[in-house]
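What follows is a set of notes on a single structure, which appears directly below.
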Amino acid sequence: MKKAALYSRVSTGRQEQEATIESQLAEVKEKIKNDGNILTQKHTFVDDGWSGGLLARPSLDRLRDAAKNNEFEVLYVYDRGRLARDFVYQEIIIMELKDLEIEFASLHDVDAKTPEQGVMQKMQGVFHEYERIKIAERFRRGKLFKTRNGKLLGYNPPYGYDYIYKTRDKNGEFVVNEKEADVIRKIFGWIGNEGYTINKVIKRLYELKIPPRKQKRPTWTNGPLSRILRDTTYIGQHYYNKTVSVVPIKPIKQEKYRKIKKCSRKIKPKDEWIEYKCPRIIDDELFYKTQEQLKINYQFCKRNKKNKYLLSSLIYCTCGRRRCGEGSAKNHLYYRCNDRVARFPLPKQCQEGGINARILDSLAWKEIKKLLLDKKRIKSYIVSWSKSQSEEPKIDTQEIEKLEKQLKQLDIEEERYLKALGLGASIEIFEKQIKELNSRRSIVKDDLSEKHNIFQSCQSSVKINVNDTLNKTLALVRQYNFSNQEELVRKLIDKVITSQQEATIIGHIPVESEYSYVKLPSISRNRRIAKCRQVDAIQRISKKPSGGS
């Protein structure tokens, strides 16, 4: 009679659900009993849902520690493949046991009592690895063949869709989930049309009490929203075979144990993608408008900036490269050409020096402010806008009628549930259905309220006092802080090209001002390598523009 240990493993959640591990345990325990050996619960080592491609597993590590402490004399397994799928890993563990004079007993491999039998068992270990590779390749080729023939395989569908499983007569397909699709349209509209950031979208969704699909937490997070906003499925272009599983180079979580070895994904070359046409939720214009806004948001995100630069991400050197903000020990801020960083460790090519950021920012805002405080120009804009508002507002009445019809349908649906409750339906099911119905009703009401607010604002803005509006506009511009200035500059300016002598501002306003060009000759410049003496003296030279600024 010997002290025995047992090790068992399954690699997927599906095998766990199908009680595969219980069948392994039952068979191995029966073998231990028939051999007359003793097995305790302490020496029953089980790894549920762990990949055989990983050697670091919690129960396997405990098994190896117990073996070193001579806590058992024989180890039983269902087969060698339970120890690991890779032959090398199998041999490492079995050799460790052999060195500790612990027997290894496999129920479905050759009993290696002689050298010849040992070689045969090793051959079976190689076939365990071969079997895994063969099955994986067979599944991969089968899936590719089906998808290339227009079949959509089993899916966890993207947010906004439901997956209808295939039947004998029909392939699987995506169908629009209207409740979630409304949320998708809101998200794309907020970013593409209103210029929201992802963080602002997260806050808005929380305020509207719209949780993510799985509802593990009441708030959305950046990752899922970023994937949604870049997913072409929403314009009817879904792709299979787009990514491949890989081992993460820099894992987010530094964990000792990982159930899956390849837990990261990498984009494949586009010519390997397989396209599947599905119902669209948004139009192409809004989707690509959103992509552009995401680029702008990334370009202008603060990234914990230590200093304030009004023209950040807008300013370029005459060589064509961007200028980046750079501070000094005495808090003198400069816009310096990025050439030396981009070409490192090669020597820089651009010889343009830095531009004093505080002075350039101040001068640029002064010129923009002068344009914004031009009473004649602002007054003409207000009059023009007032005339456009006096026209009949263009409201999508069909959309309003559709939303009102949806509200009526929800009321009818609620009456059905109430009648079912009166006929003896389960109160738990009733409460669940009513909760879902109220959530849908809240989204429809928000959409309808938004449409009505647009209509009312259009009606109320028809009659305005031009002089009063002019005075309020001028007062607002005069009290702008840095945050307001930064937001306005990004809307008006496309690019600022600077040398040490001249700064050219390129924007969208149809400027007739004489200050299209601002020349900045430096009298005593602060160099990084020289002793700081005096802040740059700037002289503005006016020039008549040849066209718009």
ask   = What pairs can you find where one residue is in segment 422-442 and outside the structural domain of Glu404 (by TED's automatic domain parsing), the other is loosely packed, with under 13 Cβ neighbours inside 10 Å, and their Cβ atoms are less than 8 Å apart, with a gap of 6+ or different chains?
value = none
Boolean, Tyr78 is among the hydroxyl-bearing types (Ser, Thr, Tyr) and under 19 Å from Ile32 (Cα atoms) = yes
key: Test for Arg85: is it among the charged types (D, E, K, R), in a helix (DSSP H, G or I) and surrounded by 16 or more Cβ atoms within 10 Å (Cβ to Cβ)   = no
request  = For Arg64, state whether it is within 18 Å of Glu129 (Cα to Cα) and either assigned to a helix (DSSP H, G or I) or of a type in the set (Lys, Arg) (or both).
outcome  = no
task = Inspect all residues belonging to segment 68-88 and state whether any of them is of a type in the set (Phe, Trp, Tyr), at pLDDT below 85 and more than 30 Å from Ile274 (Cβ to Cβ).
result = yes
inquiry  = One residue is enough: does segment 101-121 have a residue meeting the conditions out of contact with any strand residue (DSSP E or B) (no Cβ under 8 Å at 6 or more places or on another chain), at pLDDT below 85 and buried (at least 16 other Cβ atoms within 10 Å of the Cβ)?
reply    = yes
inquiry  = Quick test of your reading of the structure: Arg227 fulfils all but one of (1) surrounded by 13 or more Cβ atoms within 10 Å (Cβ to Cβ); (2) closer than 27 Å to Lys143 by Cα; (3) not aromatic (Phe, Trp, Tyr). Name the failing condition by number.
reply    = (1)
request  = Mind counting the residues in segment 37-84 that are among the basic types (Lys, Arg) and either in contact with an Asp or Glu (Cβ under 6 Å, 6 or more places away or on another chain) or outside the structural domain of Gln124 (by TED's automatic domain parsing) (or both)?
outcome  = 2
query = Just checking, how many residues over segment 428-458 are more than 16 Å from Leu403 (Cβ to Cβ), at pLDDT below 75 and surrounded by 13 or more Cβ atoms within 10 Å (Cβ to Cβ)?
reply = 1
inquiry  = Condition (residue is under 36 Å from the mean Cα position of the chain (by Cα), assigned to a helix (DSSP H, G or I), at pLDDT below 80 and over 19 Å from Lys495 (Cβ atoms)) applied to segment 300-317: is it met by at least one residue?
reply    = no
remark   = Of the residues in segment 403-431 that are in a helix (DSSP H, G or I), over 41 Å from the mean Cα position of the chain (by Cα) and not aliphatic (A, V, I, L, M), the one that is farthest from Lys445 (Cα to Cα) is Gly422
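The values are calculated or read from the model by the stated rules, or taken from the named source; none is laboratory data. Just so you know, these numbers come straight off a predicted model, no measurement behind them. Note that each Cβ is placed from the backbone with ideal geometry, even for glycine, and that neighbours are counted across all protein chains shown.
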